[in-house]
Amino acid sequence: MTDSISRLKEMISGSDNIVFFGGAGVSTESGIPDFRSVDGLYNQKYKYPPEKILSGSFFEANPEEFFRFYREKLVFTDVKPNTAHLRLAELEREGKLKAVITQNVDGLHIEAGSKNVLELHGSRYRGYCVKCGKKYPGEHMIKASGVPLCDCGGTVRPDVVLFEESLNEETLHSAVRYIKEADVMIVGGTSLAVYPAAGLINYYKGKKLALINRDPTPYDKYADIVIHEKIGLVFSQV
């Protein structure tokens with residue numbers, strides 16, 4: 001165990017008001033690719049750039065192409081929670097972790113057993129009709145042929161935040177509140193490059209900020225503990 005991981009373990013042991021904020025790197029060890037790494041979606045070649053396909057305007061103009069990409073690249077059927085997901089759920093059951101705030105839409109924190117999960121970018125397990133608002137399970141969009149439709153004839157879309165769209169205000173406000181009140185904040189698996197979500201770290205005013213990411217982030221210099229390791233490896237030791 002490195003000195004930094006040992007210090008993180010002590011930090012966790014001494015607190016019952018921890019908040020975890022995570023990104024795509026939390027789920028890569030479950031087999032879900034991220035966006036910005038060398039092998040990430042943004043560095044793969046498609047007819048349109050992935051960031052364009054995953055925008056609100058593209059969805060409205062080209063729903064067929066949007067759902068083709070969505071089913072091919074954003075739906076994973078054989079993935080399971082990894083060590084990080086499971087340990088975070090355990091910390092919640094122990095009364096130490098107050099909230100998981102995630103940028104991921106894969107639902108793995110909830111599958112792992114975490115109860116208080118704030119999904120900033122929504123979830124692929126939920127969908128809704130853009131016309132009447134009727135809610136649908138994610139399977140409805142996966143199994144549909146072409147563009148999934150509602151009983152009313154409207155298009156059913158994933159309940160996820162696309163580029164050009166705003167985060168859910170209620171979820172965002174809850175995240176800010178938990179971060180402001182936290183004694184310990186652990187940030188993991190995120191490059192802290194996607195705003196406004198990445199800016200949430202600025203609301204933390206405590207003195208126990210830990211950053212766990214494979215690569216350096218713009219916020220490393222502000223953290224009390226910086227660990228450049230795979231997040232599953234770290235959580236297997238704390």
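The values are calculated or read from the model by the stated rules, or taken from the named source; none is laboratory data. Everything quoted here is computed from the prediction, not taken from an experiment. Cβ atoms come from the backbone with ideal geometry, glycine included; neighbour counts cover every protein chain shown. With ligands, DNA and RNA removed, areas are computed over all heavy atoms of the protein, side chains included. Shrake-Rupley method; radii C 1.70, N 1.55, O 1.52, S 1.80 Å.
Here the calculated FRET efficiency for E181 and Y222, from their Cβ-Cβ distance with R0 = 22 Å, stands at 0.70, rounded to the nearest 0.05. The angle between the Cα long axis of helix 3-13 and the main principal axis of the chain comes to about 80°, on a 0 to 90 degree scale.
Each Lys or Arg adds one and each Asp or Glu subtracts one; over the other residues with Cβ under 10 Å from the Cβ of Y70, this totals +3. With R₀ fixed at 30 Å, the C-beta to C-beta distance from Y203 to F76 puts the FRET efficiency at about 0.45. Relative contact order, whole percent, for the chain stands at 25, derived from Cα pairs under 8 Å and 6 or more residues apart.
Could you tally the net charge around V234, taking each other residue with its Cβ under 10 Å from the Cβ of V234, Lys/Arg +1 and Asp/Glu -1? Taking every Cβ under 10 Å from that of V234, the sum is +2. Taking every DSSP helix (H) stretch of at least 4 residues in the chain, weighting each as -39,500 (n - 2.57) and dividing the sum by the residue count yields a mean residue ellipticity at 222 nm of -8000 deg cm²/dmol. May I ask which of K96/K221; K98/K230; K205/K230; K135/K221; K73/K134; K52/K208 have a Cα-Cα span longer than 32 Å here? Going by Cα-Cα distance, K135/K221; K52/K208 fall outside the 32 Å limit. Provide the net charge surrounding Y136, with neighbours chosen by a C-beta distance below 14 Å and charges set as Lys +1, Arg +1, Asp -1, Glu -1. Once all neighbours under 14 Å are counted, the net charge is +4.
Magnitude of the charge dipole for the stretch 84-161, about its Cα centre and with charges confined to Cβ atoms of Lys, Arg (+1) and Asp, Glu (-1), is about 180 debye. Axis angle, to the nearest 10 degrees, between helix 83-93 and the longest C-alpha principal axis of the chain: 70 degrees.
For the chain, the per residue solvent-accessible surface stands at 49 Å², with DNA, RNA and ligands left out and a 1.4 Å probe. You can think of it this way: the chain between E60 and E90 has 6.7 nm of extra reach, that is 0.36 nm per residue less the Cα-Cα gap.
Per atom type, the stretch 1-134 shows carbon and sulfur on 49% of its accessible surface, probed at 1.4 Å. Quick one: if the Förster radius is 22 Å, what FRET efficiency do K9 and R214 give, using the C-beta to C-beta distance and rounding to 0.05? Computed FRET efficiency for K9 and R214: 0.65. Just how large is the dipole of the chain about the Cα centre, in debye to the nearest 20, putting +1 at every Lys and Arg Cβ and -1 at every Asp and Glu Cβ? The calculation lands at about 80 debye. Spacing of the modelled spin labels on K135 and S166, each 7 Å from Cα toward Cβ, amounts to 2.2 nm.
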